[in-house]
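Novice: Below you'll find the structure I mean.
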Amino acid sequence: MKLYRIYLLILFVNLSSCGDDIFDRQPLDKISDAVVWDDPALVRAFLTDLYSRFPYRAFAVTQWHNYTDEATDSRGNSNSIAQGGASRTNDNLPYWDYVYLRDINTLLEQLETSPIDEAQKRQMEGEARVIRAVYYFEMQKRYGGVPLVDVVLDPFGSIDSRFTSRSTEEAIADFIDVELNTAADLLSDSAEPKGRINKWTALGYKARANLWSASIAKYGSLQLDGLVGIPVSRADEFFQKASAASHAVIDSERYSLYDKIPDRSENYRNLFLDPQNDEVIFKRIYDG
């Protein structure tokens with residue numbers, strides 16, 4: 001028994017004398033944060049993960065129904081969103097993912113100090129800003145004003161109340177517009193690849209988001225001290241922004257309406273089947 005204890009002690013001393021090399025090892029199942037932001041391929045991989053969680057559809061799909069921007073589906077507009085009856089217990093199309101937002105903010109903050117090529121940084125920053133803008137647009141459509149968080153919060157420190165309380169819907173609409181403007185100036189103007197956000201994607205979403213806000217301002221009403229609704233005085237401004245963004249995409253001549261088949265019904269059917277479709281501005285890449 002005594003001999004056994006002596007051998008254990010010797011083994012422990014020998015291992016300890018080897019220094020830090022044995023015990024101080026990099027994990028084999030993950031990549032350290034410090035390494036990611038110095039490697040363009042790893043930064044792109046981080047951004048690709050954001051794409052995989054992107055809200056490509058206007059509203060979430062529930063089984064076999066795709067909802068439009070107005071939250072209607074093939075059965076009509078009887079759901080709680082379209083009827084204005086959404087509540088904490090009756091929200092069949094929720095979208096509330098601040099973990100996703102934190103990851104977007106992390107990428108944007110880390111890009112500021114990353115040593116990678118400036119042209120790559122500009123492109124990836126633009127893509128991330130569009131993703132963030134669309135994230136807020138999806139929440140605006142459901143809830144109006146929401147907490148506006150555009151920085152990475154320290155969960156162990158004090159958090160400013162402006163990040164934990166709802167902004168007005170007007171403020172969210174303006175933030176979306178500014179984000180998409182900034183992104184458009186950063187992004188490539190190439191129409192390819194269609195599965196990657198470019199300048200025209202940003203302007204397309206700018207037209208869509210501003211048209212939504214213009215409609216809310218013109219046809220809706222202010223409620224809850226502006227947490228829901230946009231002042232009617234700003235309707236024309238949002239309509240003009242939507243129109244200008246749409247014209248910019250059209251005038252770029254990078255896209256055109258699908259018109260390859262004389263038969264109109266067959267042309268419409270093929271619109272969704274032809275991979276070489278110049279009408280598509282942005283698409284979700286399918287990888288089986």
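Novice: Could you give every pair whose Cβ atoms fall below 6 Å, whose first residue belongs to segment 100-114 and is farther than 17 Å from P155 by Cβ, and whose second residue is open to solvent by less than 30 Å² (accessible area, probe 1.4 Å) and among the aromatic types (F, W, Y), counting only separations of at least 6 or pairs across chains?
Specialist: Q110/W37; S114/W37
Novice: Here are some residues: I281, I261. Which one is within 24 Å of the chain's Cα centre (by Cα) and part of a loop (DSSP other than H, G, I, E, B)? It would help to see each step written out before you state the result.
Specialist: On the way: I261 fails: within 24 Å of the chain's Cα centre (by Cα).
That would be I281, the only listed residue that is within 24 Å of the chain's Cα centre (by Cα) and part of a loop (DSSP other than H, G, I, E, B).
Novice: Here are some residues: V134, V146. Which one is open to solvent by less than 20 Å² (accessible area, probe 1.4 Å) and in a loop (DSSP other than H, G, I, E, B)?
Specialist: Working: V134 fails: in a loop (DSSP other than H, G, I, E, B).
Criteria check complete, one pass: V146.
Novice: Which one of E169, E112 is of a type in the set (D, E, K, R), over 26 Å from A244 (Cα atoms) and over 14 Å from the mean Cα position of the chain (by Cα)? Step through it out loud before you land on a result.
Specialist: Details: E169 fails: over 26 Å from A244 (Cα atoms).
Being of a type in the set (D, E, K, R), over 26 Å from A244 (Cα atoms) and over 14 Å from the mean Cα position of the chain (by Cα) holds for just one of E169, E112, which is E112.
Novice: Suppose we keep only residues that are open to solvent by less than 30 Å² (accessible area, probe 1.4 Å) and in a loop (DSSP other than H, G, I, E, B) within segment 183-205. Which one would you say is farthest from Y286 (Cα to Cα)?
Specialist: L187
Novice: Another question, then. Within the group I216, I250, I176, I172, which residue is out of contact with any Gly (no Cβ under 9 Å at 6 or more places or on another chain), crowded, with 17+ Cβ neighbours inside 10 Å and part of a helix (DSSP H, G or I)?
Specialist: Details: I216 fails: out of contact with any Gly (no Cβ under 9 Å at 6 or more places or on another chain); I250 fails: crowded, with 17+ Cβ neighbours inside 10 Å; I172 fails: out of contact with any Gly (no Cβ under 9 Å at 6 or more places or on another chain).
Sole residue among the options that is out of contact with any Gly (no Cβ under 9 Å at 6 or more places or on another chain), crowded, with 17+ Cβ neighbours inside 10 Å and part of a helix (DSSP H, G or I): I176.
The values are calculated or read from the model by the stated rules, or taken from the named source; none is laboratory data. These numbers come from a predicted model, not from an experiment. Neighbour counts run over all protein chains shown; Cβ positions are idealised from the backbone, glycine included. We work out accessible area using only protein heavy atoms, side chains counted, and drop any ligands, DNA or RNA first. Shrake-Rupley method; radii C 1.70, N 1.55, O 1.52, S 1.80 Å.
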